[in-house]
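Participant: The following block contains the structure, expressed as structure tokens.
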Amino acid sequence: MKQTIKKMSVSTSGSRRPRVIVVGAGLAGCYLATRLQDCCQVILVTKGTQQESNSMLAQGGIAVALDPGDSPQQHEQDTLAAGDHHNRKAAVAQLVTNGPVEVRRLIEAGMQFDRTAAGALAFGLEGAHHRPRVVHADGDQTGAAVTSFVQGQLAKTIQWHCQTTVVRLLTKQNRCIGVVVRGTSGQLQELFADAVVLATGGLGNLYDFTTNDGTVTGDGLALALRAKVELTDMAFVQFHPTLLSLQGKCYGLVTEAIRGAGAVLVDEQGTRIMAQVPQQDLAPRDVVARHLAAWRAKGHQTYLDIRAVPDFEQHFIGVTANLDAHQVPFRQTKLIPIQPGAHFMMGGIKADLMGQTSLPGLWAIGEVACNGVHGANRLASNSLLDCLVSGAKAAENIIEVTCQLTSPTTENVTGSIGVATADFAEAPQTEPVKLPELAALQHQAWTNLGIERTHHQLHGFLRWLAQFDADTLAPEKLTADQNVIANLCLCAAAIAQAALAQSKSLGAHHWREVDKNESCAS
Ligand code: SIN
């Protein structure tokens, strides 16, 4: 069956300015857009609304060496140690040195971070930081505060396409020249651009338990996989130790900043779970998540004991509201029931320090990208900082690259709207579509691609996935729900394959010690 694809008309005004399509409405994409808007025509495409992203949900703040006693070097050391030294050093150096510049820039633009009574920036402590270094805004609602502030800086000239899913990257002569989107009308449309930036976040919804926004379903990673763009470090999925856990379900994040303020992890008998571990409750996340998982596997329940946290409700307004919404009696018990869950993808689309991917014309920033900054396990509150730094660097690079492309001699190479023809062709019809139920996929991923892995389970999971042949499905022919599941299947296979290639445990990838009956080489 032939699909019609409408060539979309994007209004252009006056002289030819480079056209940039940004996919994703979180902090990375919006910050990049603020840096491009004066010299480029920016089109922001997002699958949900402007409010739906992981950035909006981020409770931890922004880790940044701005305290007089701190330094980029100290921040660098903590980032490398948390990342199990799998980090790309140049990316870490860029993060810790450019980070303070970008945060200062935000402050100069009017962003209000939380301050001490004396008016200085207030720095909070989080896991694996050797000193308080995390700035917050509106307490535990930093992500929403910063992202909304940055969205408020976007010019009116920016075209937003909300409720619009990118189903495919358009390529021509080994160059990304735009995207195929499906908007609210359901019709497929081609959008052409001089540069395409993926800022779609990670893949938390691959798992049963996650902190991620419901829209975060590995879409950018799947787009890259289908276009044969290089991915890297896919074995490294971060599991956050503390998600609110009630009757076997999770209801959002309980920020690590609460442990930074003195809370500790206990079981139903009040026994401290992390007491014997270096850095105790503020050990790196992978370490804490594994300890909690092991404790729970022995049949224990796990809680965050908040007795030592002063003014809990005042400092943790968002968490308090969530606890109240779920009628958790924390005021009486001083306990919050928690369990680990999927939080952040360290791996992703391989990008250089400017966000350039293996496909010319395509950039990737924020969580969907992997420039190596997070290593095998991200340091707490480094992700919003990376959104700012990677967004700013990519914007700089896009301006440089697209200015050459839009010079009169080369303009036709990338194609003008409605003129260029892409390599995009009709994919074979694959009827009927056989895909797993989302819940079944999430359960399989949680069981087999989770906090601890075995060769046996990974091979079994790949065999289970193979029956669906998700990589042969043409996304243009799938419903929105099927597309999400197909994308997550592609991501799951990439994680399993990358995990199998790991010879040893490292950071967030951990081999479980198998018992003698369990084959290691199935
Ligand atoms: C948290 O608040 O615990 C999460 C912060 C982060 O992921 O960096």
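The values are calculated or read from the model by the stated rules, or taken from the named source; none is laboratory data. What you are looking at is a predicted structure, and each value in this text was computed from that prediction instead of being measured. Cβ sites come from the backbone with ideal geometry, for glycine too, and all protein chains shown count toward neighbours.
Participant: Quick check on VAL287: is it without any contact (Cβ under 8 Å) to a residue 12 or more places away in the chain and within 15 Å of the ligand (Cβ to nearest atom)? Show your work before the answer.
Facilitator: Numbers: without any contact (Cβ under 8 Å) to a residue 12 or more places away in the chain: yes; within 15 Å of the ligand (Cβ to nearest atom): yes.
When the stated conditions are applied, VAL287 passes them.
Participant: Taking the options ARG133, ARG104, name whichever one is surrounded by fewer than 15 Cβ atoms within 10 Å (Cβ to Cβ), in contact (Cβ under 8 Å) with a residue 24 or more places away in the chain and in contact with a Leu (Cβ under 8 Å, 6 or more places away or on another chain).
Facilitator: ARG104
Participant: Please verify whether PHE149 is away from the ligand (no atom under 15 Å from the Cβ), at pLDDT 95 or above and in a loop (DSSP other than H, G, I, E, B), treating the condition exactly as stated. Write out each step before concluding.
Facilitator: Values: away from the ligand (no atom under 15 Å from the Cβ): yes; at pLDDT 95 or above: yes; in a loop (DSSP other than H, G, I, E, B): no.
No, not satisfied.
Participant: Mind listing whichever residues of region 110-129 are outside any strand (DSSP E or B), more than 16 Å from the ligand (Cβ to nearest atom) and in contact (Cβ under 8 Å) with a residue 24 or more places away in the chain?
Facilitator: Initial filter on region 110-129 (outside any strand (DSSP E or B)): 110-114, 116-120, 122, 125-129.
The next check asks that each one be more than 16 Å from the ligand (Cβ to nearest atom); those that pass are 110-112, 116-120.
Scanning region 110-129 gives GLY110, MET111, GLN112.
Participant: Just to be sure I understand, how many residues within region 56-95 are within 15 Å of the ligand (Cβ to nearest atom) and of a type outside the set (D, E, K, R)?
Facilitator: So the first thing to find is which residues in region 56-95 are within 15 Å of the ligand (Cβ to nearest atom), and the list is 56-64, 75, 78-79, 82-83, 95.
Next, only the ones that are of a type outside the set (D, E, K, R) stay: 56-64, 75, 79, 82-83, 95.
Number of matching residues: 14.
Participant: Has region 140-151 got at least one residue that is surrounded by 24 or more Cβ atoms within 10 Å (Cβ to Cβ), aliphatic (A, V, I, L, M) and within 30 Å of PRO310 (Cβ to Cβ)?
Facilitator: In the first step, residues of region 140-151 are kept if they are surrounded by 24 or more Cβ atoms within 10 Å (Cβ to Cβ); the result is 140, 142-143, 146-147, 150.
Going one step further and asking which of them are aliphatic (A, V, I, L, M), we end up with 146, 150.
Subset that is within 30 Å of PRO310 (Cβ to Cβ): 146.
Checked against the condition, which is being surrounded by 24 or more Cβ atoms within 10 Å (Cβ to Cβ), aliphatic (A, V, I, L, M) and within 30 Å of PRO310 (Cβ to Cβ), region 140-151 yields at least one hit.
Participant: State which residue is nearest to the ligand (Cβ to nearest atom) when the search covers only region 292-304 and only residues that are in contact (Cβ under 8 Å) with a residue 24 or more places away in the chain and surrounded by fewer than 21 Cβ atoms within 10 Å (Cβ to Cβ). Outline the logic, then answer.
Facilitator: Taking region 292-304 as the starting set, the residues that turn out to be in contact (Cβ under 8 Å) with a residue 24 or more places away in the chain are 292-293, 295-296, 300-304.
Then keep just the ones that are surrounded by fewer than 21 Cβ atoms within 10 Å (Cβ to Cβ); that gives 293, 295-296, 300-301.
On the way: ALA293: 17, TRP295: 19, ARG296: 19, HIS300: 22, GLN301: 20 Å.
The residue in question is ALA293.
Participant: Of everything in region 216-232, what is surrounded by 24 or more Cβ atoms within 10 Å (Cβ to Cβ) and over 13 Å from LEU490 (Cα atoms)? Give them in sequence order.
Facilitator: VAL216
Participant: I'd like to check something: does region 179-187 contain any residue that is hydrophobic (A, V, I, L, M, F, W, C), surrounded by 23 or more Cβ atoms within 10 Å (Cβ to Cβ) and farther than 30 Å from CYS40 by Cα?
Facilitator: Among the residues of region 179-187, not one is hydrophobic (A, V, I, L, M, F, W, C), surrounded by 23 or more Cβ atoms within 10 Å (Cβ to Cβ) and farther than 30 Å from CYS40 by Cα, which makes the answer no.
Participant: While we're on this one: Mind checking which residues of region 450-465 are closer than 20 Å to ALA439 by Cβ and either hydroxyl-bearing (Ser, Thr, Tyr) or not in a loop (DSSP other than H, G, I, E, B) (or both)? Write out each step before concluding.
Facilitator: Of the residues in region 450-465, the ones closer than 20 Å to ALA439 by Cβ are 450-451, 457, 460-465.
Matches in region 450-465: GLN457, GLY460, PHE461, LEU462, ARG463, TRP464, LEU465.
Participant: Looking only at region 260-291, filter to residues that are out of contact with any strand residue (DSSP E or B) (no Cβ under 7 Å at 6 or more places or on another chain) and under 15 Å from PRO337 (Cβ atoms); which one of those is surrounded by the most Cβ atoms within 10 Å (Cβ to Cβ)?
Facilitator: For region 260-291, the residue satisfying everything is GLU268.
Participant: Something else now. Among GLY143, GLY178, which is at pLDDT 95 or above, in contact with a strand residue (DSSP E or B) (Cβ under 7 Å, 6 or more places away or on another chain) and among the small types (Gly, Ala, Ser)? Walk me through how you get there before you give the answer.
Facilitator: Values: GLY143 fails: in contact with a strand residue (DSSP E or B) (Cβ under 7 Å, 6 or more places away or on another chain).
The conditions single out GLY178.
Participant: Sort out which residues of region 463-492 are small (Gly, Ala, Ser) and surrounded by fewer than 22 Cβ atoms within 10 Å (Cβ to Cβ), and write them in order of number. It would help to see each step written out before you state the result.
Facilitator: Of the residues in region 463-492, the ones small (Gly, Ala, Ser) are 466, 470, 474, 480, 486, 492.
Residues satisfying the conditions are ALA466, ALA474, ALA480.
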